[in-house]
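Asker: Please see the structure below; I have some questions.
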Amino acid sequence: MKGFVMKTEEFGLQIKSVIAETLVETYGIRPDIPDPVVPPENIDAEYALPCFTFAKALRQAPAKIAATIVTGMSPKKWFDTVFASGPYINFKIKDSILFDTVISELLSRKVKFGHIHQSEPELILVEYSSPNTNKPLHLGHVRNNVLGIAVINLLQAVGHKCIPATILNDRGIHICKAMVAYKRFAEGKTPNDMKIKGDQFVGNLYVLFEKNAPKNPELMDEARQMLRDWEMGDMETRELWHKLTHWVQQGFDETYARLGSHFQLVQRESDTYLPGKQIVSEGLQKNVFYLKDDGSVWIDLSDYGLDEKAVLRKDGTSLYITQDLGVAVERFNDLQIDRAIYVVGSEQIYHFKALFHIIEKLGYTWADKCDHLSYGMVYLPEGKMKSREGKVIDADNLIDKMKEMSREIMEHSHFQIEQSERDSIAEAIGLSAIKYYILRFNPQKDIHFDPEKSLSFEGATGAYIQYCHARICSLLQKANWTESKTWNPALLISKEEKSIIRALLQYPEALKKSEDDLNPSRIAAHLWEVARCFNAFYTCHRILDCGDELLSQSRLAMAAAVAFCLKSGLQILGIKPVEKM
RNA sequence: GCGCCCGUAGCUCAGUUGGAUAGAGCAACGGACUUCUAAUCCGUAGGUCGUAGGUUCGAAUCCUACCGGGCGUACCA
């Protein structure tokens, strides 16, 4: 029954080699063969090879070449038909072989379908999240975290090793403002007393400060004094600082746990702002930097089309870029990483351009191994989020809200779920909606987020894909399905089944593309495609009790393959697949 | 001013190393539930791809100019 099995990736490779062979035999030339592409829907074929690139060498129209190649090609046993259509050569693979290959590979590789093994994996540090410790995480951070998680999963899926890293920006005027507000207004209360999370507690203080500061200028003076005291290591100030930052971090930990953010390396600005100074003095010695009369240190980046950039203040204190410089050098030296990816918003494009050029000028060979994965801003209907004014979408509130909406739908669902399971499922579906919504976008694009309209459980959403996955899990469970059950790919003959198989076949390519340009939206889109194909199939064909046990088993095998693919993709996106909803 | 990003259906977005008839979702309208989970499916309608030039066999995609929006251009982060 299962005769000729070939790994899915080999179809493309085989096509290229057949074309190469034919070109040698027919024309006596050996040009580069482009990768096969996916034909449009009206063409019944899995692969198409465009012949434009041969036109120049052969001095013939692409369509003529395509026709000639088809005529001269020796048939392969897995071809059904090969036909030229204009400048394209279309390859239709024998259904039985195609179906067998795709389903067998999914059933054996499961969620590793499409993953790649690297013989020499890179060690890649991915820095993401890196929040200020004076307020709760908001929607902007959610985008950052969700993207960071997905990128790490993506890199690992294609065989690299990652160090998830973050820097807590726990030092500076922002936290001092909250500290002043605490002394003035908090009356010694704690987050526990107020029954709120530590980050929200401190965030409220920060907003309180900003509200009162315009009318009370002495508040700002106090905050500045607080910063000086902190730098001097004043005990009382440090204790207060420690107390507040600790509360914030406890709050973050809860939110991170919900979002699924994990960090192998957590650095604090309060620890890392010093090493950069060492780099600055080295740079001065190498004459890469120069000293101005007032004592500040600069670098001229005009040969890169940038301006002069300060790397040390006149009072000798570090700047943001000083710290990043020090941290980067430490990471490459101490951790032996091959690459570093910074997941940071697009407003810092200039900063990272400057940073990487400075590293290059300092002569570090790994300067080109640093990447800034920038992502667009998140806007609300009323404009940009402003944490000073408390005008933000709070991460915890957002998750809670989506969870509630999800629970609400569950109440009215036909499918009954045990009371005890509802909470975790509602949480998972709520998070799916948020994460999928964010990851559907190209990271480069700004997101205009309307809380009333943006998050939905219908159409191209996380819930849609989860729903498809849950349906299949339910089927498999009802049938007591196991991989060892006998099935026959030749029985899967409907056009809906064919669409499913083609979508599955293209998944590894979508994964690869996603990783190539660090763009998880490609996977997100492809999962939608897979789920859509399955849902369409599901409504017009029976799977269980369809009157033919072998057909039933064959459809179950295909359904299981779909489930593995969806599960794989969801996991890469950082979305927890559910088995019921 | 200068630099970078963006402009595709009413709305939100795919498609951009030039390639087959520019695709989805939402909203609108018309259909399918005594359900293998309707958080689903099927159908209809909706487009001078910001504008104008250019490059060529071919442009949403590349180049130039302009219009509109955003972000930068800190001894902030």
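Just so you know, all these numbers are worked out from the coordinates, no wet-lab data involved. Bear in mind that the values here come from a model prediction, so they are computed numbers and not experimental data. Virtual Cβ from ideal backbone geometry, glycine too; neighbours counted across all protein chains shown.
Asker: In whole angstrom, note down how far apart the Cα centers of segment A:27-89 and segment A:390-407 are.
Answerer: Cα centroid to Cα centroid, the span is 52 Å.
Asker: Separate question: Using 0.36 nm per residue, how much length does the chain from A:Thr53 to A:Arg238 gain when fully extended, once their Cα-Cα distance is taken away?
Answerer: 59.9 nm
Asker: What's the tally of Lys pairs in segment A:8-93 whose alpha-carbon atoms lie under 13 angstrom apart, where the two lysines are 8 or more places apart or on different chains?
Answerer: The number of close lysine pairs in segment A:8-93 is 4.
Asker: Express in nm, to one decimal, how much length is gained between A:Asp95 and A:Glu10 on full extension, taking 0.36 nm for each residue of separation and deducting their alpha carbon distance.
Answerer: Gain on extension, A:Asp95 to A:Glu10, equals 29.0 nm.
Asker: So how tilted is helix A:95-109 from the main axis of chain A? Cα-based, degrees 0 to 90, rounded to 10.
Answerer: The angle comes out near 40 degrees.
Asker: Related question: How high is the FRET efficiency between A:Ala61 and A:His541 when r is their beta carbon distance and R₀ equals 56 Å, given to the nearest 0.05?
Answerer: E between A:Ala61 and A:His541, to the nearest 0.05, is 0.80.
Asker: Right, another one. In nanometres, what is the gap between the two model label sites at A:Arg268 and A:Lys195, each 7 Å from Cα along Cα-to-Cβ?
Answerer: So the two model labels end up 3.1 nm from each other.
Asker: Of the GluC sites (Glu not before Pro) in segment A:144-225, which ones lie in a loop per DSSP and count no more than 10 other C-beta atoms within 10 Å?
Answerer: Taking segment A:144-225 and a limit of 10 other Cβ atoms within 10 Å, the loop GluC sites (Glu not before Pro) found are A:Glu187.
Asker: In chain A, which longest range has no chymotrypsin sites (Phe, Trp or Tyr not before Pro) that are both DSSP loop (not H, G, I, E or B) and surrounded by at most 13 other Cβ atoms within 10 Å?
Answerer: In short, A:5-414.
Asker: Evaluate the relative contact order of chain A (contact order divided by residue number), counting alpha-carbon pairs under 8 angstrom at least 6 apart; express in whole percent.
Answerer: Relative contact order comes out at 16 percent.
Asker: Taking a quarter of the surface of the Cα convex hull of segment A:470-539, what do you get in nm²?
Answerer: 5.7 nm²
Asker: Using a Debye calculation, one point per C-alpha and no hydration shell, please list log10 I(q)/I(0) for segment A:8-93 at q = 0.17, 0.22 Å⁻¹ in order.
Answerer: -0.61, -1.06
Asker: Between the alpha-carbon centers of segment A:320-349 and segment A:235-267, tell me the distance in whole angstrom.
Answerer: 21 Å
Asker: Between helix A:507-516 and chain A, what is the angle of the helix's C-alpha long axis to the longest principal axis, kept within 0 to 90° and rounded to the nearest 10?
Answerer: Around 30 degrees separate the two axes.
Asker: Can you give the Rg to Rh ratio of segment A:395-572, both from alpha-carbon atoms, with Rh computed by the Kirkwood formula?
Answerer: Here Rg/Rh amounts to 1.00.
Asker: Which loop GluC sites (Glu not before Pro) in segment A:396-447, with loop taken from DSSP, have no more than 12 other Cβ atoms within 10 angstrom of their Cβ?
Answerer: Those that pass, being in a loop and sparsely packed, are A:Glu418.
Asker: Zone of A:Glu122 (label point 7 Å along Cα→Cβ, backbone N under 18 Å): which residues in segment A:147-185?
Answerer: Within reach of a label on A:Glu122, which here means backbone N under 18 Å from a point 7 Å along Cα→Cβ, segment A:147-185 contributes A:148-165.
Asker: Between A:Glu579 and A:Lys215, what FRET efficiency comes out of the Förster formula 1/(1 + (r/R0)^6) with R0 = 51 Å and r the beta carbon distance, rounded to 0.05?
Answerer: 0.35
Asker: With each pseudo-label sitting 7 Å past Cα toward Cβ, what's the A:Val24-A:Met377 distance in nm, one decimal?
Answerer: Between A:Val24 and A:Met377, the label points sit 5.8 nm apart.
Asker: Whole angstrom only: what separates the Cα centroid of segment A:416-468 from the Cα centroid of segment A:498-542?
Answerer: After rounding, the separation between the Cα centres reads 18 Å.
Asker: With labels modelled as points extended 7 Å from the Cα through the Cβ direction, what inter-label distance (nm, one decimal) is found for A:Asp315 paired with A:Glu411?
Answerer: My value for the distance between the label points is 5.6 nm.
Asker: Between A:Thr81 and A:Ser108, how high is the FRET efficiency from 1/(1 + (r/R0)^6) when r is the Cβ-Cβ distance and R₀ = 25 Å? Nearest 0.05.
Answerer: Plugging the Cβ-Cβ distance into 1/(1 + (r/R0)^6) gives 0.30.
Asker: Against the longest principal axis of chain A, how steep is helix A:275-285, in degrees 0 to 90 to the nearest 10, with axes from Cα atoms?
Answerer: Long axis of A:275-285 versus the principal axis of chain A: about 90 degrees.
Asker: Report, in cubic angstrom per residue, the convex hull volume of the C-alpha atoms of chain A.
Answerer: 196 Å³
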